[in-house]
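**Q** My questions all concern the structure below.
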Amino acid sequence: MTESPERTAIPVRGASPYDVVVGSNLLGELPGMLGSGVQRVAVIHPRALAATGEAIRQDLTDQGYEAHGIEIPDGEEAKLAPVASFCWQVLGQTGFTRSDAVVTVGGGSTTDMGGFVAATWLRGVKVVHLPTTLLGMVDAAVGGKTGMNTSEGKNLVGAFHEPAGVLCDLATLETLPRNELISGLAEVVKCGFIADPAILDLVESDPIAAVDPTSPLLRELVERAVRVKVDVVVDDLKETGGTAGHPGREALNYGHTLGHAIEKAERYQFRHGAAVAIGMVFVAELARMAGRLDDATAERHRSVLELVGLPTSYKGQAPWGQLHEAMRIDKKSRGDQLRFVVLDGLAKPAVMAGPDPQLLTAAFAEVAAEAAR
Ligand SMILES: NC(=O)c1ccc[n+]([C@@H]2O[C@H](COP(=O)([O-])OP(=O)(O)OC[C@H]3O[C@@H](n4cnc5c(N)ncnc54)[C@H](O)[C@@H]3O)[C@@H](O)[C@H]2O)c1
Ligand SMILES: O=C(O)C(=O)C[C@@H](O)[C@H](O)[C@H](O)COP(=O)(O)O
Ligand SMILES: [Zn+2]
């Protein structure tokens with residue numbers, strides 16, 4: 001790892017190695033990440049970042065690229081087939097070849113959709129991610145997973161397609177709405193529970209700095225969470241399974257089984273991180289009730305998430321039956337068997353396969369009932 005006060009480069013080793021760079025004012029590094037031979041660049045950005053997207057497009061044009069801006073909807077509306085189809089149309093009409101590149105500028109919905117377009121255009125062209133949300137920096141832009149929603153559920157279509165580089169420019173977080181920053185912290189806290197408990201200590205030590213985009217503490221959280229994700233994906237890029245005693249990439253799905261079901265039930269009006277926060281409390285209860293997780297660690301889920309303003313109980317309208325049904329199509333399921341990532345202790349992720357339905361109902365009661373406490 002190369003470090004300086006301005007930038008930290010975290011290498012992702014593997015068949016196609018690349019760097020995740022964390023720092024400020026990193027745009028000058030984009031041509032280096034694009035590498036040689038790129039003539040055309042498509043800058044995919046959401047509506048909310050129209051000015052930023054255009055500035056990056058202009059900058060690339062000034063440097064001699066044939067740069068095209070592609071504006072997509074904000075949030076989950078971007079992760080729909082017609083939006084990918086629109087992007088393919090633009091790439092076709094501008095004559096994109098296999099030596100051209102996609103640059104995404106935005107949050108996880110943009111990197112998921114833009115990454116999917118890059119994975120599928122001509123069966124795969126280069127992509128560089130410029131995440132502009134905390135969640136995008138610590139999670140979505142890293143590791144090559146892309147996901148599109150269908151009416152049946154969240155991220156049901158996608159591909160693994162690693163980026164050529166990721167630039168996490170912390171200065172971009174200064175315009176991010178507070179609730180979006182807090183949503184991203186859920187994935188940071190997730191990394192604390194599954195792999196790096198120092199993350200939890202840091203958040204607990206100064207929860208105000210943890211939600212301050214200019215704080216050195218948030219920068220340390222970003223770097224730590226990126227390292228957790230990188231360590232997992234280099235060992236199990238395509239989620240085919242971990243080594244003995246570790247669930248591999250599935251560990252990153254901690255809290256997501258119920259989380260994704262909540263997002264779908266709430267028609268994606270819930271922030272991803274908020275849904276995952278509730279999902280983590282649910283699986284902590286599941287593991288505690290199954291005798292796998294101690295009371296203190298289970299309770300720590302609630303306390304650390306609440307410290308930064310994340311929800312720990314489900315106050316929405318969907319009944320358990322609807323959420324249970326939605327979980328069946330989760331990618332960790334095998335046949336009719338539901339599988340959950342649980343903890344056997346702090347930083348000890350494991351898989352619980354086919355839990356007793358009564359245990360599931362009891363764990364959900366702990367999450368839903370808290371609303372009435
Ligand atoms: N592929 C993966 O590994 C992975 C990992 C985690 C999450 N995800 C996906 O990421 C998505 C959530 O991503 P997200 O939380 O970044 O949300 P998002 O991409 O929907 O962005 C949230 C909102 O903030 C706006 N925005 C983005 N950057 C901004 C900035 N700097 N200033 C002002 N506004 C800005 C966006 O336009 C949007 O309206 C979900 O779809 C989730 O499934 C994917
Ligand atoms: O990178 C991964 O692998 C993850 O599971 C990270 C999750 O935070 C992310 O939300 C991911 O998109 C979920 O993947 P899915 O396979 O459950 O759709
Ligand atoms: Zn997630």
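**Q** Inspect the range 256-272 for any residue being within 15 Å of ligand 1 (Cβ to nearest atom), among the acidic types (D, E), out of contact with any Cys (no Cβ under 7 Å at 6 or more places or on another chain) and under 15 Å from F340 (Cα atoms) and give the result as yes or no.
**A** Scanning the range 256-272, I find no residue that is within 15 Å of ligand 1 (Cβ to nearest atom), among the acidic types (D, E), out of contact with any Cys (no Cβ under 7 Å at 6 or more places or on another chain) and under 15 Å from F340 (Cα atoms), so the answer is no.
Conditions (1) within 16 Å of ligand 3 (Cβ to nearest atom); (2) farther than 15 Å from P163 by Cβ; (3) not assigned by TED's automatic domain parsing to the domain that holds R219, marked per residue:
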site	(1), (2), (3)
G32	no, no, yes
V41	no, no, yes
I44	no, no, yes
E54	no, yes, yes
T61	no, yes, yes
E76	yes, yes, yes
F86	no, yes, yes
F96	no, yes, yes
G108	yes, no, yes
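**Q** A follow-up question, please. Return the total of residues in the range 128-160 being of a type in the set (S, T, Y) and out of contact with any strand residue (DSSP E or B) (no Cβ under 8 Å at 6 or more places or on another chain).
**A** Number of matching residues: 1.
**Q** Something else now. Within the range 120-153, how many residues turn out to be within 14 Å of ligand 2 (Cβ to nearest atom) and either acidic (D, E) or in a helix (DSSP H, G or I) (or both)?
**A** 8
**Q** Out of the residues in the range 292-349 meeting the condition of being small (G, A, S) and in a loop (DSSP other than H, G, I, E, B), tell me which one is modelled with the lowest pLDDT.
**A** G316
**Q** Would you check which residues across the range 113-147 are among the hydroxyl-bearing types (S, T, Y) and more than 7 Å from ligand 1 (Cβ to nearest atom) and list them?
**A** T120
**Q** In the range 315-362, what residues are under 25 Å from D196 (Cβ atoms) and of a type in the set (G, A, S)?
**A** Within the range 315-362, G345, A347, A350 qualify.
**Q** Then there is this: Which condition number does K264 fail, the rest of (1) over 18 Å from L181 (Cα atoms); (2) touching an Asp or Glu at 6+ places or on another chain (Cβ under 8 Å); (3) basic (K, R); (4) touching a residue at least 40 places away in the same chain (Cβ under 8 Å) being met?
**A** Result: K264 passes all but (2).
**Q** Quick one: in the range 66-77, of everything that is under 29 Å from S151 (Cβ atoms) and among the charged types (D, E, K, R), which residue is nearest to the chain's Cα centre (by Cα)?
**A** That would be E76.
**Q** Are any of the residues in the range 42-65 touching a residue at least 60 places away in the same chain (Cβ under 8 Å), closer than 22 Å to K238 by Cα and within 17 Å of the chain's Cα centre (by Cα)?
**A** no
**Q** Separate question: How do the helices (runs of 4 or more DSSP H) wholly within the range 202-289 filter down when requiring 2 or more residues that are outside the structural domain of G75 (by TED's automatic domain parsing) and within 15 Å of ligand 2 (Cβ to nearest atom): which remain?
**A** 216-235, 256-265, 272-289
**Q** While we're here: Of the residues G241, G279, G248, only one is touching a Gly at 6+ places or on another chain (Cβ under 8 Å), of a type in the set (G, A, S) and within 13 Å of ligand 3 (Cβ to nearest atom); which?
**A** Checking each option against the conditions leaves just G279.
The values are calculated or read from the model by the stated rules, or taken from the named source; none is laboratory data. What you see is a predicted model, and the numbers here were worked out from it, not measured in a lab. Ideal geometry is used to build each Cβ from the backbone, glycine not excepted, and the neighbour counts take in all protein chains shown.
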